[in-house]
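Written out below as structure tokens is the structure these notes cover.
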Amino acid sequence: MVEQLQNLRLKSWLAEIADLCKPEKIYICDGSDREYDELCALLEASKTFIPLNQEKRPHSFLARSDARDVARVEERTFICSPTEKEAGPTNNWRDPIEMRAELLQLFDGCMKGRTLYVIPFSMGPLGSELAEIGIELTDSAYVAVNMRIMTRMGAAVLEQLGDGDFVKCLHSVGVPLEEGASDVAWPCNPEKTVIAHYPQHSSVWSYGSGYGGNALLGKKCFALRIASTMAQKNHWLAEHMLIVGVTNPEGEKKYFVAAFPSACGKTNMAMLEASLPGWKVECVGDDIAWMKFGDDGRLYAINPEAGFFGVAPGTSMKSNPNALRTCASNSIFTNVALTPEQDVWWEKLTPEPPATATDWLGNPWTPESARAAAHPNSRFTTPLEQCPVLDPAWNDPAGVPISGIIFGGRRSHTIPLVYQSFNWQHGVFLGASVSSETTAAMKGVVGKLRHDPFAMLPFCGYNMGDYFSHWLEMGTRSTAAKLPKIFAVNWFKKDAEGRFIWPGFGENIRVLKWIFERVDEDIEAQKSPIGYLPNLEDIDCTGLQLSKQALGDLFAIEQSDWLQEAEGMQDYLSQFGEQPPDSFHEELAQLRARLKGEESSL
Ligand code: OXD
Ligand code: MN
């Protein structure tokens, strides 16, 4: 099999890695249905997969991870650029030579007794000018089947690659199997987990975790951390953004991208079922957008992925009916609960919980149990093509033209439901100002406010200060009329009793409608110290139970809160030394002046 490989770089890299990791076998994935089924059967035999009820959830499986391996591990994720400055203050930097020495020790013999799977994958439509090819070498069949769903994977990718270059992604669960030793359902090595990125060599070395973004290396490691460095060099953008097409009742369509930190409802917004008659939202992607200017001066986006790796808890017929329709079959569920009928369940999936279930750890569970049945970061892996609201252009190699960019965070206070930036520079400042209450998508405390610029804090492969400059520079590559307009949203504002004021989910179309109409300046807006705010009558509240008072609260701008916000931003920016662009200091000064009524330069 290996002898048949045409690409000499791949051949020699594979030989080098096989020599280091010492797998028992090497298997090159062809991406076929037959292969997928065989790997699933293997995972069933090794007890990693529990087959679900064929009638209720055809061709689907449940996996339960090791309880210590349940989320991305940011404190063990490293950027190994030549200097610390290139990684910047928001990344964990490690000296590349030192790290390499450690990795060589860790990976030495790490695949003993296991199969090394060679996974050729394309991020983006095969052959698209915007797409890039990667090869993941992994000793996990679970990773191979998930990558089959999440990427365009298999023989066609090798063919497309020819003798070209590719991003090298090496992954091991870090548990060699000595002769005669028996395996566990979810091998992992949490004490020694390391996820190391080499932006200069376009390579990733991931050891010890089998979960999500730690192991499916096409996603966060390649499509964001490595790709962001490629994008900086080559004048494009690799972003943590969903992509949607929005059509108004007159049949006019515009595409938007939106960045939110992990587990803030990106998947819900990507598949939104519009509550306003005649409005339609179609999904191109729910997590990552790669964007480049076209010859016509407009920004075009592709979704580099081919599947959804969505957070399960909270996904329901109310919050995201289309996600449930998407994962009705051919899906992999990880760390959700199992019902007595061998179907899946998670918190809020149904109005009433099942009377009994088996929790994500495999223990008996009832609604009286004082713990969640599904892990808060449990996930479904499901093919994009099964999404009933998939946009017809989802696989278009040219991408879709973007009219607006939306930034959001999870903020109980201060940030209004929606506002618009004055211009590109101000919009980039808004993106850089995103902060959000933390969620279970990453290990650590939930609900703590942290700065998460562009929702890229854990995903930017280089100095965040340079990343800000890159965004500003991108704005000089087209004309103001053709650049997407930039907006900020907050679905999560709470009232004095701690209840969400805005109903969210399908009702968010009311906000998208305002954004849609502002893009061409079809409607007026009010200049405020923080940006353009809607005239309240332009937020379509037809049929919505929302008092005038509540609507007003959603847009209330408290001067003291905003001055504090500006203070926080200044402190945050100070860590970048001379790196944050001068224009950010101007933006800060102007924001303060406008808040204090000292400036009339709006
Ligand atoms: C994700 C994340 O899995 O952002 O998409 O954590
Ligand atoms: Mn994400």
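The values are calculated or read from the model by the stated rules, or taken from the named source; none is laboratory data. Computed from a predicted model, the values in this text were never measured in an experiment. Positions of Cβ are backbone-derived with ideal geometry, glycine not excepted, and every protein chain shown enters the neighbour counts.
Among the residues of the stretch 582-589, is any out of contact with any Ser or Thr (no Cβ under 8 Å at 6 or more places or on another chain) and aromatic (Phe, Trp, Tyr)?
Yes; the residues of the stretch 582-589 include at least one that is out of contact with any Ser or Thr (no Cβ under 8 Å at 6 or more places or on another chain) and aromatic (Phe, Trp, Tyr).
Keeping to the stretch 401-450, report how many residues are within 16 Å of ligand 2 (Cβ to nearest atom) and of a type in the set (Lys, Arg).
Going through the stretch 401-450 one residue at a time, the tally reaches 3.
Within the stretch 384-398, can you find the residues that are buried (at least 18 other Cβ atoms within 10 Å of the Cβ), touching a Gly at 6+ places or on another chain (Cβ under 8 Å) and not hydrophobic (A, V, I, L, M, F, W, C)?
Answer for the stretch 384-398, where residues must be buried (at least 18 other Cβ atoms within 10 Å of the Cβ), touching a Gly at 6+ places or on another chain (Cβ under 8 Å) and not hydrophobic (A, V, I, L, M, F, W, C): just Asp391.
Would you check if His413 is modelled with pLDDT under 95, touching a helix residue (DSSP H, G or I) at 6+ places or on another chain (Cβ under 8 Å) and not in a strand (DSSP E or B)? Lay out the reasoning, then the answer.
Numbers: modelled with pLDDT under 95: yes; touching a helix residue (DSSP H, G or I) at 6+ places or on another chain (Cβ under 8 Å): yes; not in a strand (DSSP E or B): yes.
Taking the combined requirement at face value, the residue satisfies it.
Residues that are over 18 Å from the mean Cα position of the chain (by Cα) and surrounded by fewer than 15 Cβ atoms within 10 Å (Cβ to Cβ): which strands (runs of 3 or more DSSP E) entirely in the stretch 432-532 hold 2 or more of them?
525-528
For the stretch 451-470, enumerate the residues that are more than 16 Å from ligand 2 (Cβ to nearest atom) and of a type in the set (A, V, I, L, M). Walk me through it before giving the result.
Kept after step one, since they are more than 16 Å from ligand 2 (Cβ to nearest atom), are these residues of the stretch 451-470: 451, 462-470.
Of everything in the stretch 451-470, just one residue is more than 16 Å from ligand 2 (Cβ to nearest atom) and of a type in the set (A, V, I, L, M), namely Met464.
Which residue pairs have Cβ atoms under 8 Å apart, sit 6 or more places apart or on different chains, and have a first residue in the stretch 64-88 that is farther than 20 Å from Ser228 by Cα and a second that is within 16 Å of ligand 2 (Cβ to nearest atom) and charged (D, E, K, R)?
Val70/Lys443; Ala71/Lys443
What do you reckon, is Asp359 surrounded by 22 or more Cβ atoms within 10 Å (Cβ to Cβ) and either in contact with a Ser or Thr (Cβ under 6 Å, 6 or more places away or on another chain) or over 30 Å from Met230 (Cβ atoms) (or both)?
For Asp359, the condition - surrounded by 22 or more Cβ atoms within 10 Å (Cβ to Cβ) and either in contact with a Ser or Thr (Cβ under 6 Å, 6 or more places away or on another chain) or over 30 Å from Met230 (Cβ atoms) (or both) - is not met.
Scan the stretch 549-560 for residues that are in a helix (DSSP H, G or I), loosely packed, with under 14 Cβ neighbours inside 10 Å and not hydroxyl-bearing (Ser, Thr, Tyr) and jot them down. Walk me through how you get there before you give the answer.
Going through the stretch 549-560, the residues in a helix (DSSP H, G or I) turn out to be 549-554, 559-560.
Next cut, loosely packed, with under 14 Cβ neighbours inside 10 Å only: 549, 552, 559-560.
Answer for the stretch 549-560, where residues must be in a helix (DSSP H, G or I), loosely packed, with under 14 Cβ neighbours inside 10 Å and not hydroxyl-bearing (Ser, Thr, Tyr): Gln549, Gly552, Gln559.
Return the pair list, or none, for Cβ contacts closer than 7 Å from residues in the stretch 1-22 that are more than 18 Å from Phe107 (Cβ to Cβ) and among the charged types (D, E, K, R) to residues that are at pLDDT 95 or above and in a loop (DSSP other than H, G, I, E, B), at least 6 apart or on different chains.
Short answer, once both residue conditions are applied: Arg9/Asp165.
The rows are residues; the columns are (1) in contact (Cβ under 8 Å) with a residue 60 or more places away in the chain; (2) more than 16 Å from ligand 1 (Cβ to nearest atom); (3) closer than 27 Å to Asp571 by Cβ.
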| position | (1), (2), (3) |
| --- | --- |
| Leu384 | yes, no, no |
| Leu390 | yes, yes, no |
| Trp424 | yes, yes, yes |
| Phe429 | yes, yes, yes |
| Lys443 | yes, no, yes |
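Taking the condition of being over 30 Å from Gly444 (Cα atoms) and crowded, with 20+ Cβ neighbours inside 10 Å, how many residues in the stretch 246-262 meet it?
4
Quick check on my filter: what residues within the stretch 575-602 are modelled with pLDDT of 85 or more, buried (at least 18 other Cβ atoms within 10 Å of the Cβ) and in a loop (DSSP other than H, G, I, E, B)?
Within the stretch 575-602, Phe576 is the sole residue that qualifies.
Go through the stretch 362-400 residue by residue and tally those that are under 20 Å from Met269 (Cα atoms) and either away from ligand 2 (no atom under 16 Å from the Cβ) or assigned to a loop (DSSP other than H, G, I, E, B) (or both).
Residues flagged as under 20 Å from Met269 (Cα atoms) and either away from ligand 2 (no atom under 16 Å from the Cβ) or assigned to a loop (DSSP other than H, G, I, E, B) (or both) within the stretch 362-400 amount to 17.
Restricting attention to the stretch 319-337, report how many residues are over 22 Å from the mean Cα position of the chain (by Cα) and surrounded by fewer than 24 Cβ atoms within 10 Å (Cβ to Cβ).
Final tally of qualifying residues: 1.
All but one of (1) within 16 Å of ligand 1 (Cβ to nearest atom); (2) aliphatic (A, V, I, L, M); (3) in a strand (DSSP E or B) hold for Val246; which doesn't?
Status for Val246: all satisfied but (1).
Which of (1) more than 18 Å from Cys460 (Cα to Cα); (2) surrounded by fewer than 23 Cβ atoms within 10 Å (Cβ to Cβ) is the odd one out, the single condition His235 does not satisfy?
Of the numbered conditions (1) more than 18 Å from Cys460 (Cα to Cα); (2) surrounded by fewer than 23 Cβ atoms within 10 Å (Cβ to Cβ), the odd one out for His235 is (1).
What is the residue count in the stretch 408-431 for residues that are surrounded by 24 or more Cβ atoms within 10 Å (Cβ to Cβ) and within 19 Å of the chain's Cα centre (by Cα)?
Of the residues in the stretch 408-431, 2 are surrounded by 24 or more Cβ atoms within 10 Å (Cβ to Cβ) and within 19 Å of the chain's Cα centre (by Cα).
Taking the criterion of being more than 25 Å from Ser433 (Cα to Cα), crowded, with 24+ Cβ neighbours inside 10 Å and more than 16 Å from ligand 1 (Cβ to nearest atom), would at least one residue in the stretch 263-275 satisfy it?
yes
Hey, can you tell me all the residues within the stretch 123-146 that are within 16 Å of Gly164 (Cβ to Cβ), of a type in the set (Gly, Ala, Ser) and buried (at least 22 other Cβ atoms within 10 Å of the Cβ)?
Gly124, Gly134 - these are the residues of the stretch 123-146 that are within 16 Å of Gly164 (Cβ to Cβ), of a type in the set (Gly, Ala, Ser) and buried (at least 22 other Cβ atoms within 10 Å of the Cβ).
Residues in the stretch 536-546 that are surrounded by 11 or more Cβ atoms within 10 Å (Cβ to Cβ) and either within 14 Å of Phe500 (Cα to Cα) or of a type in the set (S, T, N, Q) (or both): how many?
1
Kindly indicate the residue of the stretch 8-29 that is assigned to a loop (DSSP other than H, G, I, E, B) and touching a Pro at 6+ places or on another chain (Cβ under 9 Å) and also nearest to Gln342 (Cα to Cα) among those meeting that condition.
Across the stretch 8-29, the extreme among qualifying residues is Cys29.
When you scan the stretch 297-304, do you find a residue that is aliphatic (A, V, I, L, M), within 16 Å of ligand 1 (Cβ to nearest atom) and surrounded by 24 or more Cβ atoms within 10 Å (Cβ to Cβ), even just one?
No, because not a single residue in the stretch 297-304 is aliphatic (A, V, I, L, M), within 16 Å of ligand 1 (Cβ to nearest atom) and surrounded by 24 or more Cβ atoms within 10 Å (Cβ to Cβ).
Table: residues versus (1) surrounded by fewer than 22 Cβ atoms within 10 Å (Cβ to Cβ); (2) without any contact (Cβ under 8 Å) to a residue 24 or more places away in the chain; (3) within 16 Å of ligand 1 (Cβ to nearest atom); (4) at positive phi.
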| site | (1), (2), (3), (4) |
| --- | --- |
| Ile149 | no, no, yes, no |
| Arg152 | no, no, no, no |
| Asp165 | yes, no, no, no |
| Leu177 | yes, no, no, no |
| Ala181 | yes, no, no, no |
| Cys188 | no, no, no, no |
| Pro199 | no, no, no, no |
| Ser202 | yes, no, no, yes |
| Gly210 | no, no, yes, no |
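When the stretch 195-225 is examined, which residues are found to be more than 16 Å from ligand 2 (Cβ to nearest atom), assigned to a helix (DSSP H, G or I) and either in contact with a Ser or Thr (Cβ under 7 Å, 6 or more places away or on another chain) or under 16 Å from Tyr117 (Cβ atoms) (or both)?
Of everything in the stretch 195-225, those that are more than 16 Å from ligand 2 (Cβ to nearest atom), assigned to a helix (DSSP H, G or I) and either in contact with a Ser or Thr (Cβ under 7 Å, 6 or more places away or on another chain) or under 16 Å from Tyr117 (Cβ atoms) (or both) turn out to be Pro199, Gln200.
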